[in-house]
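A quick write-up on the structure given underneath.
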Amino acid sequence: MTARRDLISAAVMLVTTLIFFWAAFEIEDDPFGVGMQPNVFPLAVLSILTALILIMLAGAAIQARHEKAQAEKSNELKIFFLWVIPMAAIAFIYLGLINLFQYLLPTMLALSACLAIFGNRGIKWLVVIPVVAAILYYVIFFGIFRLLEPTGMLLEYDNFYLFGPMQKFLRV
Amino acid sequence: MDHPIFEGIATLFSSGWAVFYAILGTTIGLLAGATPGLTASAAISMIIPLSFYLDPLSALVFVYTIGKAASFGGSIPAILFNTPGTPQASATQIEGYPLTRQGKQGKALKMAVTASAAGDFFSECLLIFGAAFIAIYTARMGPPEIFAVYCTAFVIIGSVIGNSIIRGLISTMLGILLSIIGLDPISSMPRLTFEVNYLETGIGLVPVLLGVFVVSEIFIQIADRGALGAERMLSKKSDVPEDNRVTWRDLRRSLPVMAKSTGMGTIIGMLPGVGASAACFVAYAEAKRSRKPEDKWGEGEIKGVAAAEAANNSVSGANIIPLLTLGIPGSVSAALLGGVFLIHGMNIGPKIFETDTSTIYGLFAAGLLCIVTYFIMGYWGSDIIGRIIAKVPVRVIYPFIFITSIVAVYALRNTLFDVMVMCLFGFVGYFFKKFDYSLPAFIIAFILGPGAERALRQALLLSEDGPMIFLERPLAIFFILLAVVVISVRIYQTIKQKPQGAPG
C-alpha cells in the first residue's frame, strides 16, 4: 500500500464524511424528547471518523514526502471502467427488462451477457446454458418459493397455470 | 439428564425440515468453502434472503451449518491445488500442498477433516455447556456496561482485524455511521436520509451483505482477468495404502498438537473479531515452535495440517458465545447469524437462553449434526469435491452467483432501490478490498451500531451525572480500560514492525 493510495482513499473518505456532517447538522431536534437528541450519536461518530481520517491523511502525507515518486503504470482504472462498470450495468438493464418482459426472457439475456463478460464463448455457454438455467431459476424461485413475479409492461403472462398443479403437489 | 441440549436434540429431530436444512447447509458450506474466492460470508449472504421464507430454527440452522462446514471446506483446495478456499485455510496450505505433491493428498485431507471435526466438537461442547453459564453473569449487566462492551468490541474489531489499525478503525466507524441512517429510534426524526424516502427505514442488511461480500467479489474476479481461465489440475495419488489414510502413528503424533491448537482456537474464537485466520497461524506457529527432530516442517508435516485445521474449526463454535451472551459476534459468520436472529424477531443477548431455549439448543444440536455430516462427507468425499471444483472454472460460477444475488435482493421488497443499494455496496466492497480497508470490521460494526446507540441512550437516561455513569460502574471501567490496553498494544506492535512515517 503506497502513501499515494492512502492519500487518495483518505481524501475520498473525508469528502464523504463532510457530506454526512452536513446531513447530520440538518437533523431536527426532538422538542419533547428526553435524554440524548437524535443528532448527538451521528455527530459523535462523525467526529471520531473525521479525526481518524485526518490522522491517516497526515501520516500518508508525511510518508509521501519520503517516498520517491513512482511511475505507477496502473491500469486499475481502465479495468474498472472496462469490466466492473459493465457488470454493474447488466444488473440495472436486467431489472429494467424484468419490468418490461417479466422474469424469464431477461434472465436468459442477462445470464448470457454475464457469461460473455466473464470470457465464456460458444452456443453452449451463451445460449443453451442461459436458457436451461433461467428455466430452472424460474421454477425454483417462482414455482417452489412462490415469489411474486413483477408484471411486464410489454409482455405479460400469468404463471399460476404453470405452477399451480406443481405447488399443490409439493404442498408449498 | 435434564440439560436443555436434550430438548434441543428433540426439537431438531422433531422437525424434518430443520434436519434437511442442517444437511443442506453443511453440503453448501463444504462446496462454498472449497470454491476459491467464494467465502462462507458470501454463501451465507446469498442464503439470508431465503431464510425469510423458513421457520426460525430452519433459518438459523441453515446459516450456522454453512459457516461451520465452510471452515473445513476451505482446506480442500488448499491441500489439493495450493489455493486456500477460505482465508483461514492459508496455514493448512503450507504443509498440506507439499503432501499432495508427494501423492499423499488422501492422508492430508483425512487428517484435515479429523482435526477439524475434533476441534469443532470441543468448541461446540463448550458452547453447549458453557454459554448459558456465562449468560447468567452477562444478564446482570446494565446499559452502561453493555455500551462499554460495545466500545471494546469496536476497538478490538477495528484494530485487530486487517493489516492497519487506522484503516480498521475507519472501517468500523463507517459501519456504525451507515447503520444509523433512517428514522431515529426514539423521536422518529429522519437522520442522514438525504430526503430519500427509501432510506427512512434504514439501509437493509441483506443488500449490504450481498453487496460487500458477493458483488464486490464478483467485481474483483472480473477485474482479475488472468485468474478467470485458470485451470486446476489434480495431482496423481500414491499407490501405497498408508499414504491415503491417517494411520495410528499419524494420529498419535498429531494428538498433542491438535489438543493444544483446539484450546488456542477456542480462546481466540471467543474474542470478538480476531477470528479463524489468526487462530490457524497462531496454532501453526506454536506447533512448529515445539518441533521434534523427526518432524519435516515445510516439506509436508502432517502435524502442521492437524494444528491449523483443529485451530480454525475450534473457532466456529466459540465465536457464537459472545454473540449469545453479550449480543456481540465473534466473527463475520456469527454477525450474519445474528442478522438471522433479528430477521426472525429474536433478540440476541443473555436472555435468549430463557426466552428461546428450545430454538437455541436446537441450533447447537444442529451444530453437532453438522460436524458428523461434514466429517463423513469430508473423510470419504473430499476427493470428489476436489474433482468437482477442478472441473468448474471461476468464469462459470460467478455469472450465476451474480444473477442469483440480483433476484434474491429484488425478491425481498420487490424494489429496484435494494438492487441499487446492493450494487453501490458492491463498489464499496471493491474499493475496501483494493485500498486495504477491513470489510469484516465494517460489516460487524454495521450490525452492532444500532445496539450500541440504544445502550448509550439508555445509559444516559439512567444517569444523573451524564457520561460519568461509565466511570461509576466497575465493569464498565474494566471494559473501557481493556479497549485502551488493546489499542495501545496494537499501536506499540505496529510502531515496532513498521518503518518510521508509515501510516497506520
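The values are calculated or read from the model by the stated rules, or taken from the named source; none is laboratory data. This one's a predicted model, so the numbers in the text were calculated from it and none came from an experiment. With ideal geometry, Cβ positions are generated from the backbone for all residues, glycine too; neighbour counts draw on all protein chains shown. With ligands, DNA and RNA removed, areas are computed over all heavy atoms of the protein, side chains included. Shrake-Rupley method; radii C 1.70, N 1.55, O 1.52, S 1.80 Å.
Can you go through B:Ile170, B:Ile128, B:Ile176, B:Ile156 and tell me which one is modelled with pLDDT of 90 or more and under 24 Å from B:Ile469 (Cβ atoms)?
Answer to the check: B:Ile176.
Quick one: B:Ala139 ticks every box in (1) open to solvent by less than 30 Å² (accessible area, probe 1.4 Å); (2) more than 14 Å from every other protein chain (Cβ to nearest Cβ) except a single one, so which number is it?
The one condition B:Ala139 does not meet is (1).
Between A:Leu54, A:Leu77, which is more than 9 Å from chain B (Cβ to nearest Cβ), outside any loop (DSSP other than H, G, I, E, B) and over 30 Å from A:Ser112 (Cβ atoms)? Quick ask: steps written out before the conclusion?
On the way: A:Leu77 fails: over 30 Å from A:Ser112 (Cβ atoms).
That would be A:Leu54, the only listed residue that is more than 9 Å from chain B (Cβ to nearest Cβ), outside any loop (DSSP other than H, G, I, E, B) and over 30 Å from A:Ser112 (Cβ atoms).
Among the residues of region B:360-377, is there at least one that is part of a helix (DSSP H, G or I), open to solvent by 10 Å² or more (accessible area, probe 1.4 Å) and closer than 30 Å to A:Leu115 by Cα?
no
Looking at (1) within 7 Å of chain B (Cβ to nearest Cβ); (2) assigned to a loop (DSSP other than H, G, I, E, B); (3) not aliphatic (A, V, I, L, M), can you tell me which one A:Phe141 breaks?
Every condition holds for A:Phe141 apart from (2).
For region B:254-263, how many residues meet the condition of being free of Cβ contacts under 8 Å to residues at least 60 places away in the same chain and either touching a helix residue (DSSP H, G or I) at 6+ places or on another chain (Cβ under 6 Å) or more than 17 Å from B:Lys288 (Cα to Cα) (or both)?
1
Could you pull out the residue among B:Ile385, B:Ile328, B:Ile389 that is away from chain A (no Cβ under 14 Å), at pLDDT below 85 and closer than 30 Å to B:Val246 by Cα?
Working: B:Ile385 fails: at pLDDT below 85; B:Ile328 fails: closer than 30 Å to B:Val246 by Cα.
That would be B:Ile389, the only listed residue that is away from chain A (no Cβ under 14 Å), at pLDDT below 85 and closer than 30 Å to B:Val246 by Cα.
Go through region A:24-46 and give me each residue that's at the interface with another protein chain (Cβ under 8 Å from one of its Cβ atoms) and touching a helix residue (DSSP H, G or I) at 6+ places or on another chain (Cβ under 8 Å).
Once the filter is applied, which keeps residues that are at the interface with another protein chain (Cβ under 8 Å from one of its Cβ atoms) and touching a helix residue (DSSP H, G or I) at 6+ places or on another chain (Cβ under 8 Å), region A:24-46 yields A:Ala24, A:Ile27, A:Val34, A:Gly35, A:Met36, A:Asn39, A:Phe41, A:Pro42, A:Val45, A:Leu46.
Please determine whether any residue of region B:44-56 is modelled with pLDDT under 90, under 23 Å from B:Asp224 (Cα atoms) and within 13 Å of the chain's Cα centre (by Cα).
Scanning region B:44-56 turns up at least one residue that is modelled with pLDDT under 90, under 23 Å from B:Asp224 (Cα atoms) and within 13 Å of the chain's Cα centre (by Cα).
Restricting the search to region B:80-102, which residues are in a helix (DSSP H, G or I), under 18 Å from B:Ala40 (Cα atoms) and of a type in the set (Val, Ile, Thr)?
B:Thr92
Does A:Val15 fit the bill of being exposed (fewer than 14 other Cβ atoms within 10 Å of the Cβ) and either more than 7 Å from every other protein chain (Cβ to nearest Cβ) or within 23 Å of B:Lys433 (Cα to Cα) (or both)?
Yes.
Residue by residue through region A:144-172, note down the ones that are of a type outside the set (A, V, I, L, M) and assigned to a loop (DSSP other than H, G, I, E, B).
Looking only at region A:144-172, we keep the residues that are of a type outside the set (A, V, I, L, M), and these are A:145-146, A:149-152, A:156-161, A:163-165, A:167-169, A:171.
Within region A:144-172, A:Phe145, A:Arg146, A:Glu149, A:Pro150, A:Thr151, A:Gly152, A:Glu156, A:Tyr157, A:Asp158, A:Asn159, A:Arg171 meet the criteria.
Go through region B:394-478 and tell me which helices (runs of 4 or more DSSP H), entirely inside it, have 1 or more residues that are open to solvent by 40 Å² or more (accessible area, probe 1.4 Å) and facing chain A (nearest Cβ under 7 Å).
In region B:394-478, B:394-413, B:416-434, B:439-462 are the helices (runs of 4 or more DSSP H) which contain 1 or more residues that are open to solvent by 40 Å² or more (accessible area, probe 1.4 Å) and facing chain A (nearest Cβ under 7 Å).
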